[in-house]
Structures are given as C-alpha cells and as structure tokens.
1. Could you tell me whether any residue of the stretch 97-108 is modelled with pLDDT of 85 or more, aliphatic (A, V, I, L, M) and surrounded by 10 or more Cβ atoms within 10 Å (Cβ to Cβ)?
2. Restricted to the stretch 4-28, and to residues that are in contact with a helix residue (DSSP H, G or I) (Cβ under 7 Å, 6 or more places away or on another chain) and not in a helix (DSSP H, G or I), which residue is nearest to residue 84 (Cα to Cα)?
3. Give the residue, chosen from 51, 46, 55, that is of a type in the set (A, V, I, L, M) and either touching a Gly at 6+ places or on another chain (Cβ under 8 Å) or over 17 Å from residue 74 (Cα atoms) (or both).
4. Sort through 32, 37, 57, 52 and tell me the only one that's exposed (fewer than 13 other Cβ atoms within 10 Å of the Cβ), at pLDDT 85 or above, under 20 Å from residue 7 (Cβ atoms) and not aromatic (Phe, Trp, Tyr).
5. Check whether at least one residue in the stretch 16-29 is over 24 Å from residue 75 (Cβ atoms) and surrounded by 12 or more Cβ atoms within 10 Å (Cβ to Cβ), and report yes or no.
6. Give 28, 20 a once-over and let me know the one that is without any contact (Cβ under 8 Å) to a residue 12 or more places away in the chain and of a type in the set (Gly, Ala, Ser).
7. Scan the stretch 74-90 for residues that are at pLDDT below 55 and surrounded by 15 or more Cβ atoms within 10 Å (Cβ to Cβ) and report the count.
8. Does residue 80 satisfy the criteria of being of a type in the set (A, V, I, L, M), touching an Asp or Glu at 6+ places or on another chain (Cβ under 9 Å) and in a helix (DSSP H, G or I)?
Amino acid sequence: MKDLEEESKELPLYSLIASAFLTFLCNAPEDTRVEYTKKWCKELGLADFDLTKFLSTERDVLQLQLAGLPSDHLSHENAIIILQVRTATMSSRLLFPQGCGFLVFLITCNLRCLKEILW
C-alpha cells in the first residue's frame, strides 16, 4: 500500500489526467479512451488510471446500478462523465456535437478567464 506522502504527490497528476479525460475524451470511443489514458500515465510516470475510481465511490456506482445502469465499465464511465461535467463546453458538445470550432472558442475563452483570475 502506498504511503500518504506518495499518494499526495500523485494526486495532482491524477487530477490532470481526469481533467484532460473530461475535456478531450468524453466523446471518444472506448479504445481511444484507453489508448490516451495509458499514454498519459506513461508520460507522467503513473502506473494506471481509472476515471470511475478517481471521480466516484463504490456507493455512487451502486446507486447508478440500482437506478438501472448496466454494470459494464463503459456505462459507469459515461455516467460519471455526465455527472461530473457541468460546464458550457459539455453542454455545447451535447447540443452541437459537430461544432468543434465553437468548442475551441469556448475552451479558449475559458482559458483566458482562468489566466486572468490566476495571474
């Protein structure tokens, strides 16, 4: 079992992968999600990453299953994505899946606002 100090060092890296996953892979097929997640873990020196385990609890998953969600990993991942992402970017993807230019515009605006707040 990893000690608390090691886990605290890895937390920002796992958070980075989770945010990248939610930003870039929420519309991707399962094989693409796995490919990029493995690639990012390798680049960051992490062993493995599971979005469902990182962003939810066993209780959350059980509640989703009780509500009728299938028990496969992809269904859990998709449900967690929908529950976690509440931004204009995700809304625009759901409403305008073909509007990639619009998405780039939204992301750029959000980054500018974030940069002004942080710096």
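The values are calculated or read from the model by the stated rules, or taken from the named source; none is laboratory data. Since this is a predicted model, take the numbers as computed values, not measurements. Neighbour counts run over all protein chains shown; Cβ positions are idealised from the backbone, glycine included.
1. Within the stretch 97-108, the first condition is being modelled with pLDDT of 85 or more, and the residues that meet it are none.
Taking every residue of the stretch 97-108 in turn, none turns out to be modelled with pLDDT of 85 or more, aliphatic (A, V, I, L, M) and surrounded by 10 or more Cβ atoms within 10 Å (Cβ to Cβ).
2. 26
3. Details: 51 fails: either touching a Gly at 6+ places or on another chain (Cβ under 8 Å) or over 17 Å from residue 74 (Cα atoms) (or both); 55 fails: either touching a Gly at 6+ places or on another chain (Cβ under 8 Å) or over 17 Å from residue 74 (Cα atoms) (or both).
Unique residue meeting the criteria: 46.
4. Working: 32 fails: under 20 Å from residue 7 (Cβ atoms); 37 fails: exposed (fewer than 13 other Cβ atoms within 10 Å of the Cβ); 52 fails: exposed (fewer than 13 other Cβ atoms within 10 Å of the Cβ).
Exactly one residue qualifies, and that residue is 57.
5. Within the stretch 16-29 (the criterion being over 24 Å from residue 75 (Cβ atoms) and surrounded by 12 or more Cβ atoms within 10 Å (Cβ to Cβ)), the answer is yes, since at least one residue qualifies.
6. Values: 20 fails: without any contact (Cβ under 8 Å) to a residue 12 or more places away in the chain.
From the options 28, 20, the qualifying one is 28.
7. Within the stretch 74-90, the subset at pLDDT below 55 is 87-90.
Those still in the list that are surrounded by 15 or more Cβ atoms within 10 Å (Cβ to Cβ) too: 89-90.
Of the residues in that region, 2 qualify.
8. On the way: of a type in the set (A, V, I, L, M): yes; touching an Asp or Glu at 6+ places or on another chain (Cβ under 9 Å): yes; in a helix (DSSP H, G or I): yes.
In short, yes.
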